[in-house]
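Input: a single structure, listed below in C-alpha cells.
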Amino acid sequence: MVTLIPVLGDQLSPGLASLSGRPADAIVLMVEVIDEARYVRHHKKKIALLFSAMRHFADELRAAGWTVDYVKLDEAGNTGSFTGEVARAVERHGATAIRVVEAGEWRVQAMIDGWAAATGAIVEVRPDDRFLCSKVDFAEWAGARKRLIMEDFYREMRKRTGLLMSFGKPVGSRWNFDADNRKTPPRGLNYPAPPTFEPDAITREVLDLVGTHFAGHFGDLEPFGFAVTRAQALTALDYFVAVALPTFGDYQDAIVEGQAFLYHALLSPYINSGLLTAREVVDAAAAAYAEGDVPINAAEGFIRQIIGWREYIRGIYFWAGPDYKKSNALSATRDLPAFYWTGDTDLRCIAQSVDQVRREAYNHHIQRLMILGNFAMLIGVEPAQIEEWYLVVYADAYEWVELPNVHGMSQFADGGLLGSKPYAGGGAYIDRMSDHCGRCRYNVKLKTGPYACPFNALYWDFLARHRDQLKDNSRLWRMYDGWERLGAERQAATRASAAAFLDSLPTAAREWAVDAGG
Ligand code: FAD
Ligand code: DLZ
C-alpha cells in the first residue's frame, strides 16, 4: 500500500508530524504550483525563498532516505493546483492513502478536505504540532473568557512551557519587562548587519525561474540573501542570539532611516516556512539568558513575541473561523492609494517603508503597525485591500499570521476582538519613534494646512468620524477629551484639512495586486 505524504511550502520541518513513523511504501510529494504563487501576487523574493527552500528540503529528505516526488513549476503536465497535483500523484504511484499535516490556512484546508473525494484515497490529516498551543487548547482558553487579552494568554504559555520560570514564578519577579524597553537609539549606533547567504546553484535556477515567470510581481528579486536551508537558518538564529538579542528589547520600536533591521530577529520567514521551529528559537533565547549572555528584558521581550504574540495570533485565526475576514467594523471603503506599491508620495515615512519592503520584503513591526497600517486605517482603506497588500509584500506573510495582525490589530476591522482600541497615531508619535519627520516635506509640528503632516489632521478626523462607535472606549476618553477641547473652529479647520488631503489621494494600480496573468 503506497502512502502519499504531501509536504506544503510552509511545512519544511524534518520533525513534521506527517514524517514521523515512516510507512513502508511512503512517497513524499512536493509541488510548485502556480495557484499558490498567484492567489495573491507575492513579492518575487518570497516566491524565490519558498521554491529554493522547498527544493533544498526535498534534497535533505532524499539524503535521509525518503523517496521524494518533486514537481517543478515549469514541469510538463503540472496542473498548477495542490488538488490537481495530489490527484496526479495518487494516479502515478497507485497510492491508496494520503497522510498530510493540516494546512496553515482555511483556504488550503478546504482543498485538503476535498482530497478523499477527488482521489479515492484514505486521507489522514495530522495536527500541526510545531505550534506550542494547539487549536483545541486555544479554544479552551478563549472559551472561558470575556476578553482575549494577549498578556493573559502569554502568562498561561509561560507556565505551560516553563520558559523563564522558576518554582512556578516568573524569573526576575516580573512577567513583562517592556517598561525597560523601547528607548530612543542614540545617533550613530553601530547596528549589526544581519547575515546573508550567497545563492547556490539551486537558488540561482529558482531566481531565473522567478525572474521569468513572475516579472510583473511587486518587489526586487535581487540581491537575494535569504537562508534557504535549515543549516543556514540555524546560522541566522545563532547570529541573532549572539549579536542582536542582547539589545533586542532596547530599541524594539525605533525606526532609523537606512537601517532596515536594527536589532530585530529577521527569523519570521524561517519560522513560518518551517526551517526553524518556534520551540528551538525560544529555547535558544532562554539558554542565552541562563548563560548570562543576554539581559532579562531582551530574553523576555523576544520570548513573548513568539510564545505570546505568534501563538496568540494563530490561535485567534482558527478560533475566529473562516468568516473572520468578512467583518468591516469601521465601514472602511476607500481604495488603497497607489503609493503603497510605488512609494511615490511626499509622506517620507511611507515612501521609505515602501522602498524598504520593495527591496527586502521586510518591514519591522512598528513600520507595519504605526506607519503603513495606521495610515491605511486613518484614511479608511477597505480591509480586504490592505490585507491583500500585506499578504503580497512580506516574505513572512501567510494568512494565519497576516490576517489577525492586519484585520484585527492594525485596522480594528474586527471591532476589538483582538485589540482593545484602534492603533491610531498622529505625526507626533511617528516623530518620537523615527528620524523621518525632520527630513519630510511636511511639517510634523503643524496641525492643519497644506504644509502640515497629514497624519495630524487625519488622526483627529478618524476619531471624529468614528465618535459614536469609539467614544465610550475607556482607553480613548483622553483623546476625545482633547478633541472636545479643540473647540468648534479648530475642529472644523482640522476636518477641512483632512478632507483636502483625502481628496488629493491617488488610488491603487490594482494590477499589482490582482492577477492579471502577468
Ligand atoms: P522581531 O521583531 O525580531 O520579533 C521576533 C519574532 O516574534 C518574529 O520573528 C515573529 O515570529 C514573532 N512575532 C512578533 N510579533 C508577532 C505578531 N504580532 N504576530 C506573529 N508573530 C509575531 N508577522 C509574520 O510573521 N507574518 C506576517 O504576515 C505579519 N504581518 C503583520 C502585519 C501587521 C500589520 C503587523 C502589525 C505585524 C505583522 N507581523 C507579521 C508581526 C511582526 O511584525 C513580524 O513577525 C516581525 O516584524 C517579523 O520580523 P522579525 O523576525 O525581525 O521580528
Ligand atoms: C506561498 C507559497 C507559494 C508562493 N508557492 C507554493 C508552492 O508552489 N507550493 C507549496 O507547497 N506551497 C507554496 N506556498 C506556500 C503555501 O501557500 C502554504 O503552504 C499555504 O499557504 C498553506 O498554509
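The values are calculated or read from the model by the stated rules, or taken from the named source; none is laboratory data. For clarity, every value in this text was computed on a predicted model and none was experimentally measured. Don't worry about glycine lacking a Cβ; one is built from the backbone with ideal geometry, like all the others, and counts go over all protein chains shown. Note: areas computed on protein heavy atoms with side chains; ligands, DNA, RNA excluded. Shrake-Rupley method; radii C 1.70, N 1.55, O 1.52, S 1.80 Å.
Data table
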| read-out | value |
| --- | --- |
| Accessible-area composition of the stretch 73-146, carbon plus sulfur, in percent [1.4 Å probe] | 56 percent |
| Dipole magnitude of the chain about its Cα centre (Cβ charges: Lys, Arg +1; Asp, Glu -1), debye to nearest 20 | 1640 debye |
| Arg439-Ala290 pseudo-label distance in nm [points 7 Å out on the Cα-to-Cβ vector] | 4.3 nm |
| Residue among Thr79, Gly308, Pro322 farthest towards the positive dipole end of the chain, charges placed on Cβ | Gly308 |
| Sequence-distant aspartates and glutamates (8 or more away, or on other chains) whose Cα lies within less than 20 Å of Lys169 | Glu151, Asp152, Glu156, Asp178, Asp180, Asp283, Glu291, Glu300 |
| Fully extended contour minus Cα-Cα distance, from Ser331 to Glu91, at 0.36 nm per residue | 81.6 nm |
| R0 of 56 Å, Cβ-Cβ distance Ala64-Asp346: FRET efficiency to nearest 0.05 | 0.55 |
| Exposure rank, largest accessible area first [Val123, Val33; 1.4 Å] | Val123, Val33 |
| Spin-label proximity, Thr212 to the stretch 59-83 - amide N less than 18 Å from point 7 Å beyond Cα toward beta carbon | 71-80 |
| Difference of contour (0.36 nm per residue) and Cα-Cα distance, Tyr39 to Asn190 | 50.3 nm |
| Heavy-atom SASA rank of Lys325, Lys159, Lys45 (probe 1.4 Å, accessible area, largest first) | Lys159, Lys325, Lys45 |
| Mean separation of Cα contacts under 8 Å (6+ apart) over length of the stretch 151-289, as relative contact order % | 30 percent |
| Extension gain (nm, one decimal) between Ala201 and Glu257, 0.36 nm per residue minus Cα-Cα | 16.8 nm |
| When each of Lys44/Lys471; Lys445/Lys471; Lys447/Lys471; Lys325/Lys445 is checked by Cα-Cα distance, pairs over 32 Å | Lys44/Lys471; Lys325/Lys445 |
| Computed helical MRE - 222 nm, the chain, DSSP H runs ≥ 4 contributing -39500 (n - 2.57), nearest 500 | -12500 deg cm²/dmol |
| Estimated inter-spin distance, Ser420 and Arg495, nm [label 7 Å along Cα→Cβ] | 3.0 nm |
| Accessible area of the stretch 325-449 belonging to carbon and sulfur atoms, whole % at 1.4 Å probe | 47 percent |
| Computed label-point distance, nm, for sites Trp477 and Glu280 using a 7 Å Cα→Cβ extension | 5.0 nm |
| The chain: relative contact order in percent, alpha carbon pairs under 8 Å with at least 6 residues between | 17 percent |
| Expected-Rg normalisation [2.2 N^0.38 Å, Cα atoms] applied to the chain | 1.00 |
| Accessible area in the full protein assembly, largest first, 1.4 Å probe, for Thr203, Thr333 | Thr333, Thr203 |
| Portion, in percent, of the accessible area of the stretch 255-317 that falls on carbon or sulfur, probe 1.4 Å | 51 percent |
| Area accessible to solvent at Phe51, 1.4 Å probe radius, in Å² | 20 Å² |
| Accessible area of the chain divided out per residue, in Å², using a probe of 1.4 angstrom | 41 Å² |
